[in-house]
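J.: I am attaching a structure below and will ask some questions about it afterwards.
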Amino acid sequence: MATRQPFTDSDTADEAVRATCDDATICKRFATSKSYWKDPYIQYFVRSVGERKAPEINRGYYARVRGVNHLLDAFIRKAECDCQVINLGAGLDTTFWRLKDENLMPRKFFEVDFPTVVARKIHYIKTKPPLSKPLIETHSTDSLLLDAHSLDSDRYCIIGADLRDISNLDEKLKKFQLNPELPTLLLSECVLVYMTPSQSSNVVHWAAETFHTAMFINYEQLNMSDRFGQVMIENLQRRQCILAGVEACQSLESQKERFLKTGWEHADALDMMTVYSMLPQEDVGRIERLEFLDEKELLQQLLQHYTICWATKDKINLGLSQLAF
């Protein structure tokens, strides 16, 4: 009988990172319950709305969701849906269902996360008809591949894999019909920061090497060397969350550099305060009326410590370098 491997510090760290997936989903569930944006599917992953979140947290998530979706949707429109999307560290994200509802479905939508996270998501999909029905509607045959750690249909695929093992990731994606010739959008939200700089560089480099026409959207921390950034790091450390890749989060330049050094042609980055100011102001006005925000400075500080960085390479001249806010 095989003996159980001793539980290591890295297991604890991985478990803490997996817990951040629940944090994000719980925060999004609360913000949508307050009408910051609409997401009819998130309720199937987190049943109760949970305890109240501070208004600055809700506005921060609003900026994140709106900002990432702006670039993602712009890419899909540029490619006229003839593309694929890979969400790295997707957690309990609901983007696939939103894109189907908005007639913005790519040729195939892939999600990758730790096998334990994937197993939970697959369980929710299997047991909740509002989640499984859209999947079946976009699938042409009777057979859906469904096991504990992977789900594969014509248009949607979830894979359990560790992003730190690139060859295994590449092998699994290709097994499920990833097409390197298709324009490809890769997305990661607060994922690369939990990997060492060399591990995240490997992911970013693999993506640049694999796809000739692609865009990578990365949402994560910024300005982490100032006092506010240090407090963020300490708070996460108390929960055993180690930001192993924090050195890439020092500035907008260091964020862009990671992509420009690994084979991407073009990279841009904005802090979330700037993104927030560039979102459609009528809708921003609407959400600012939802809850009174006492300390505007706190929101500003929070948004200045997150960024969206996006990088492109464009062999077939789709005009990807024009995508911006």
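The values are calculated or read from the model by the stated rules, or taken from the named source; none is laboratory data. If you're wondering where the values come from, they're calculated on a predicted model, not measured in any experiment. Neighbour counts are summed over all protein chains in view; Cβ atoms, including those assigned to glycine, are modelled from backbone coordinates with ideal geometry. Calculation scope for accessible area: heavy atoms of the full protein, side chains included, ligands and nucleic acids excluded. Shrake-Rupley method; radii C 1.70, N 1.55, O 1.52, S 1.80 Å.
One line per residue, one yes/no per condition, for (1) within 20 Å of Leu270 (Cα to Cα); (2) of a type in the set (D, E, K, R):
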| position | (1), (2) |
| --- | --- |
| Arg155 | no, yes |
| Gly160 | no, no |
| Glu171 | no, yes |
| Val191 | yes, no |
| Glu209 | no, yes |
| Gln230 | no, no |
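J.: Would you mind stating whether Thr138 is of a type in the set (Ser, Thr, Tyr) and either at pLDDT 95 or above or farther than 26 Å from Thr213 by Cβ (or both)? Talk me through it step by step, then tell me what you get.
T.: Details: of a type in the set (Ser, Thr, Tyr): yes; either at pLDDT 95 or above or farther than 26 Å from Thr213 by Cβ (or both): no.
Criteria not met by Thr138.
J.: Follow-up. Within segment 293-323, how many residues turn out to be modelled with pLDDT of 95 or more and part of a loop (DSSP other than H, G, I, E, B)?
T.: Going through segment 293-323 one residue at a time, the tally reaches 8.
J.: Among the residues in segment 237-247, are any in a helix (DSSP H, G or I), out of contact with any Asp or Glu (no Cβ under 6 Å at 6 or more places or on another chain) and polar (S, T, N, Q)?
T.: Quick first cut of segment 237-247, residues in a helix (DSSP H, G or I) only: 237-238, 246-247.
In the following step, the residues that additionally are out of contact with any Asp or Glu (no Cβ under 6 Å at 6 or more places or on another chain) were identified as 237-238, 246-247.
Pick out the ones that are also polar (S, T, N, Q) and you get 237.
Yes, because at least one residue in segment 237-247 is in a helix (DSSP H, G or I), out of contact with any Asp or Glu (no Cβ under 6 Å at 6 or more places or on another chain) and polar (S, T, N, Q).
J.: Let me ask you something else. So in segment 141-191, with the set limited to residues that are open to solvent by 10 Å² or more (accessible area, probe 1.4 Å), of a type in the set (A, V, I, L, M, F, W, C) and closer than 27 Å to Leu243 by Cα, which one is farthest from the chain's Cα centre (by Cα)?
T.: Ile166
J.: Moving to a separate point now. Look at segment 85-141 and say how many of its residues are more than 25 Å from Leu182 (Cα to Cα) and among the hydroxyl-bearing types (Ser, Thr, Tyr).
T.: Residues meeting the conditions: 4.
J.: Next question, about the same structure. Evaluate the following for Lys313: is it open to solvent by 10 Å² or more (accessible area, probe 1.4 Å), within 15 Å of Met215 (Cα to Cα) and basic (Lys, Arg)? Don't jump to the end; show me each part of the working.
T.: Values: open to solvent by 10 Å² or more (accessible area, probe 1.4 Å): yes; within 15 Å of Met215 (Cα to Cα): yes; basic (Lys, Arg): yes.
The answer is yes for Lys313.
J.: Pairs under 9 Å by beta carbon, first residue within 14 Å of Asn87 (Cα to Cα) in segment 147-158, partner basic (Lys, Arg) and open to solvent by 60 Å² or more (accessible area, probe 1.4 Å), six or more apart or different chains?
T.: Arg155/Arg107
J.: What are the residues in segment 10-68 that are touching a strand residue (DSSP E or B) at 6+ places or on another chain (Cβ under 9 Å), at pLDDT 90 or above and within 25 Å of Ile125 (Cα to Cα), if any?
T.: Ala24, Arg64, Val68, listed by residue number.
J.: If you don't mind, another one. Kindly list the number of the only condition in (1) more than 22 Å from the chain's Cα centre (by Cα); (2) in a loop (DSSP other than H, G, I, E, B); (3) free of Cβ contacts under 8 Å to residues at least 60 places away in the same chain that fails for Gly263.
T.: (1)
J.: Continuing with the same structure: Would you mention how many residues in segment 121-140 are of a type outside the set (A, V, I, L, M, F, W, C) and under 20 Å from the mean Cα position of the chain (by Cα)? Before the answer, list the steps.
T.: Of the residues in segment 121-140, the ones of a type outside the set (A, V, I, L, M, F, W, C) are 121, 123-124, 126-130, 132-134, 137-140.
After this cut, where a residue has to be under 20 Å from the mean Cα position of the chain (by Cα) as well, the list is 121, 124.
So the answer is 2.
J.: Identify the residue in segment 64-78 that is closer than 26 Å to Asn202 by Cβ and either hydrophobic (A, V, I, L, M, F, W, C) or more than 16 Å from the chain's Cα centre (by Cα) (or both) and, among all such residues, is surrounded by the fewest Cβ atoms within 10 Å (Cβ to Cβ).
T.: Val68
J.: Also: Filter the helices (runs of 4 or more DSSP H) completely within segment 80-138 down to those with at least 1 residues that are surrounded by 20 or more Cβ atoms within 10 Å (Cβ to Cβ) and aromatic (Phe, Trp, Tyr). Walk me through how you get there before you give the answer.
T.: Working: elements: 95-101, 115-127, 129-137.
In segment 80-138, the matching helices (runs of 4 or more DSSP H) lie at 95-101.
J.: If a residue has to be open to solvent by 30 Å² or more (accessible area, probe 1.4 Å) and more than 11 Å from Ser201 (Cα to Cα) to count, how many in segment 255-270 make the cut? Spell out how you get there, then give the answer.
T.: Keep residues of segment 255-270 that are open to solvent by 30 Å² or more (accessible area, probe 1.4 Å), which gives 256-257, 260-261, 263, 265-266, 268, 270.
If we keep only those that are more than 11 Å from Ser201 (Cα to Cα) too, we end up with 256, 265-266, 268, 270.
Residues that pass the stated criteria total 5.
J.: Same structure, new question: Kindly indicate whether Arg77 is in contact (Cβ under 8 Å) with a residue 24 or more places away in the chain, under 28 Å from Lys175 (Cβ atoms), in a helix (DSSP H, G or I) and not β-branched (Val, Ile, Thr). Lay out the reasoning, then the answer.
T.: Working: in contact (Cβ under 8 Å) with a residue 24 or more places away in the chain: yes; under 28 Å from Lys175 (Cβ atoms): no; in a helix (DSSP H, G or I): yes; not β-branched (Val, Ile, Thr): yes.
Spelling it out, it is not the case that Arg77 is in contact (Cβ under 8 Å) with a residue 24 or more places away in the chain, under 28 Å from Lys175 (Cβ atoms), in a helix (DSSP H, G or I) and not β-branched (Val, Ile, Thr).
J.: From (1) of a type in the set (A, V, I, L, M); (2) modelled with pLDDT under 95; (3) closer than 29 Å to Met273 by Cβ, pick out the condition that doesn't hold for Leu72.
T.: Failed condition: (2).
J.: From the list Leu187, Leu192, exactly one residue is touching a Gly at 6+ places or on another chain (Cβ under 7 Å) and under 28 Å from Ser150 (Cβ atoms). Which is it?
T.: Numbers: Leu187 fails: touching a Gly at 6+ places or on another chain (Cβ under 7 Å).
So the residue among Leu187, Leu192 that is touching a Gly at 6+ places or on another chain (Cβ under 7 Å) and under 28 Å from Ser150 (Cβ atoms) is Leu192.
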